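Okay, so here's the structure we're looking at.
The values are calculated or read from the model by the stated rules, or taken from the named source; none is laboratory data. Note that the coordinates shown come from a computational prediction; the quantities given were computed from them, not determined experimentally. Virtual Cβ from ideal backbone geometry, glycine too; neighbours counted across all protein chains shown. Ligands, DNA and RNA are excluded from the accessible area calculation, which covers all protein heavy atoms including side chains. Shrake-Rupley method; radii C 1.70, N 1.55, O 1.52, S 1.80 Å.
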Amino acid sequence: MKRYQAIFEGNRQWVQEKRRQQSDFFEHLANGQNPEFLYIGCSDSRVPANEIMGLAPGDVFVHRNVANLVVNTDLNAQSVIEYAVTHLEVDYIIVCGHYGCGGVRAAMQSEDLGLLNGWLREVRDVYRLHRHELDAIEDESARYRRLVELNVQEQCVHILKTACVQKQFMRRKRPTVHGWVFDLSDGLLRDLEIPFDEIMKDVRQIYRLGPDAG
Ligand code: ZN
């Protein structure tokens, strides 16, 4: 129970510290949110969105799940995207994976993971899509890292296929979509600089929902 109670002590200290830095900090927070970023990341306890981005409360709208997936039929993720894009009008959507992701590693193995099987099948689908590239990487840890990156890329593509994202983009050329990977070993974020124009050329014909949809 001690560790549990210590959380409240930690919270009070945090409140004091925030008030010391900015006396109206909480009045400001209570007034509403206007974040520029939607961050979709992994639930992994080592990858806290605001902290690794150096951003304060109010700066980033966050969705996290195992292996940072964006699944078309996932009402939770789709609602987060809809709200962030249509109501908050975020300018940037970021999918952030991380090296050492347990969800991605599990999908590389043939173990039965119960309920997680269906969820992680999404990552297995990413492997299947990029099988030639991945199978050509002999070193297993290098292949694992590459799958983490390709998983981020494919989730970004899923976002670009979303109707609300395409509609907003047609209206105001925002939001743009970005794929990042966080490296646990040095704490640095890496922008994968995914060439979306090229990728979308292939899929645009099938998924576009309007004449200029990006
Ligand atoms: Zn993870």
| query | Considering only Pro57, Ala77, Ile194, whose Cα is most displaced toward the positive end of the charge dipole of segment 33-203, charges sitting on Cβ of Lys, Arg (+1) and Asp, Glu (-1)? | reply | Ala77
| field | With DNA, RNA and ligands ignored, accessible area of Arg46 (1.4 Å probe; Å², nearest 10) | value | 120
| field | Approximate spin-label separation Ala56-Phe26, in nm, with each point projected 7 Å along Cα-to-Cβ | value | 1.6
| request: Write down the percent of antiparallel bridges among all DSSP beta bridges whose residues are both part of the chain, to the nearest 5. | output: 15
| remark: In terms of the charge dipole of segment 33-203, which places +1 on Lys and Arg and -1 on Asp and Glu at the beta carbon, the residue among Val123, Gln153, Met170 farthest towards the positive end is Met170
| said: Within 14 Å, Cβ to Cβ, of Gly97, how many net charges do the neighbouring residues add up to if Lys/Arg are +1 and Asp/Glu are -1? | reply: 0
| Ser45: accessible area at probe 1.4 Å, nearest 10 Å²? | 110
| request: Using Cα centres only, tell me the gap between segment 111-181 and segment 9-71 in whole Å. | output: 25
| remark: Quick tally, 1.4 Å probe accessible area for Met53, Met200, sorted with the most first, runs Met53, Met200
| message | Explain nothing, just the number: dipole magnitude of the chain about its Cα centre with +1 on each Lys and Arg Cβ and -1 on each Asp and Glu Cβ, in debye rounded to the nearest 20. | response | 500
| Candidate lysines - alpha carbon under 28 Å from Lys201, same-chain residues fewer than 8 apart omitted | Lys161, Lys167, Lys173
| request: Work through the residues other than Glu9 whose Cβ is under 14 Å from its Cβ and net out their charges, Lys, Arg +1 and Asp, Glu -1. | output: +2
| query | Around Asn72, with a cut-off of 14 angstrom between Cβ atoms, what is the net charge of the other residues, counting Lys and Arg +1 and Asp and Glu -1? | reply | -3
| note | Expected unfolding gain across Arg208-Glu138 under the 0.36 nm per residue rule, minus the alpha-carbon gap, is 21.5 nm
| message | What is the percent carbon and sulfur in the accessible area of the chain, measuring with a 1.4 Å probe over the protein chains and ignoring ligands? | response | 50
| query | How large is the accessible surface per residue of segment 33-203, computed with a 1.4 Å probe and reported in Å² as a whole number? | reply | 51
| query | Tell me, what is the 1.4 Å probe accessible area of Ile159, in Å² to the nearest 10? | reply | 0
